[in-house]
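Engineer: Handing you a structure now.
The values are calculated or read from the model by the stated rules, or taken from the named source; none is laboratory data. Model, not experiment: these values are computed from the prediction. Because the Cβ atoms are built from the backbone with ideal geometry, glycine has one as well, and the counts that use them run over all protein chains shown.
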Amino acid sequence: MTAHYIKAADYRDYNGRLCPYVVAIKWGSKRLSITGVEGPLANGNCRGGCGQVHEKAEHINREPFYARLMKIWERWHLNDLCAGSPAQEMWLRDHPVTAAYPESHYEKASDALTAAGLNPDPNAGGYEYGSAWLHEDVPQDVIDWLFALPVYDGLPSCWAN
């Protein structure tokens, strides 16, 4: 798996300190994984959150590529763990389903797809939404764009894995 680390923005921590918001892009020929860390420290800790922190609003001084990166992150992260067929996933992107605890996103998505005549998906051999993890290829131009972003060389080594 190839890893690429970029600074996507500057982050203001809880003390008002300006820290880097670093994004790890990992590609293994079939799987794209994107995670972030707010203010990574040399001891393995961080000044903010880490993981799937792409929706947080506290980031400032965003890099010019930030908006496109966020769209790619949302669309292609863990592309080999799709619950729906291509038609089901496309329908759900066009008709977002939201669920708040204790609601089940899976149940709401399944019900919405059933009402739309896509669960089971007649064009995918009767595939039932959520019955397997499906793979969707990431377009090569997306991979090329991500790995052309400038490398961040200030990441503490304990965060580079």
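Engineer: Inside segment 87-105, can you point out the residues that are of a type outside the set (A, V, I, L, M, F, W, C) and more than 18 Å from the chain's Cα centre (by Cα)? Explain how you work it out, then say what you get.
Structural biologist: First, pick out the residues of segment 87-105 that are of a type outside the set (A, V, I, L, M, F, W, C): 88-89, 93-96, 98, 101-105.
If the condition is that a residue be of a type outside the set (A, V, I, L, M, F, W, C) and more than 18 Å from the chain's Cα centre (by Cα), then GLN88, HIS95, TYR101, PRO102, GLU103, SER104 are the ones that fit.
Per-residue answers, yes or no, for (1) surrounded by 11 or more Cβ atoms within 10 Å (Cβ to Cβ); (2) on the phi > 0 side of the Ramachandran plot; (3) in the same structural domain as TRP27 (by TED's automatic domain parsing):
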residue: TRP91; (1), (2), (3): yes, no, no
residue: HIS95; (1), (2), (3): yes, no, no
residue: ALA99; (1), (2), (3): yes, no, no
residue: GLU107; (1), (2), (3): yes, no, no
residue: GLY117; (1), (2), (3): no, yes, no
residue: PRO120; (1), (2), (3): yes, no, no
residue: GLY130; (1), (2), (3): yes, yes, no
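Engineer: Just give me the residues in segment 2-47 being among the polar types (S, T, N, Q) and over 15 Å from the mean Cα position of the chain (by Cα), in sequence order.
Structural biologist: THR2, ASN15, SER29, ASN43, ASN45 - these are the residues of segment 2-47 that are among the polar types (S, T, N, Q) and over 15 Å from the mean Cα position of the chain (by Cα).
Engineer: Considering (1) within 30 Å of ALA3 (Cβ to Cβ); (2) surrounded by fewer than 11 Cβ atoms within 10 Å (Cβ to Cβ); (3) modelled with pLDDT of 95 or more, say which one ASP153 fails and leave the rest.
Structural biologist: Just one mismatch for ASP153, condition (3).
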